[in-house]
Amino acid sequence: MTIKTSSYRQSLLAALLNPVEASAYLNAALEDSPEAFLKALKNVAQARQMAKVAKDAGVQRETLYRSLSEQGNPTFDTLSSVLGALGMKLSIAPDDSEAALSLTGAAKY
């Protein structure tokens with residue numbers, strides 16, 4: 001009996017179609033490094049068809065590939081547009097050490 005398997009990449013791209021999975025994947029990559037985040041964002045965009053994401057984001061496909069490359073440095077506008085096209089948004093939260101300080105009353109304005 002032959003067992004059918006799929007490649008890791010195929011499984012990853014299929015999983016990234018789920019918004020919850022994609023969000024967790026992007027957040028984990030963001031905690032790792034900016035380079036990891038760009039690679040993860042590129043994977044999510046590829047899972048959702050890069051050309052469609054570029055069109056929805058209002059950028060050229062080539063620009064999107066360049067922005068999400070290893071040497072990429074997307075502008076805030078490009079990043080926001082791409083995330084919006086993917087149904088995602090940026091969010092700011094205190095890091096754990098800042099949250100702990102505010103709970104103890106150590107941080108005053």
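Less than 15 Å Cβ to Cβ from Val59, Lys/Arg counted +1 and Asp/Glu -1: what total charge do the surrounding residues give?
Neighbour charge sum, excluding Val59 itself: +3.
Where does the charge balance sit around Phe37 when Lys and Arg score +1, Asp and Glu -1, over other residues with C-beta under 13 Å from its C-beta? If you can, show how the numbers build up before the last one.
On the way: positive: Lys39, Lys42; negative: Glu31, Asp32, Glu35, Glu70.
That works out to -2.
If you take every residue apart from Ala15 with its C-beta less than 13 Å away from the C-beta of Ala15, what net charge results, scoring Lys and Arg +1 and Asp and Glu -1?
Taking every other residue near Ala15 into account, the sum is +1.
Every read-out reported here was derived from the displayed coordinates using simple, explicitly stated rules and does not represent laboratory data. All figures in this text were calculated on a predicted structure; none of them were measured in a lab. Glycine also receives a Cβ, built like all others from the backbone with ideal geometry; neighbour counts cover every protein chain displayed.
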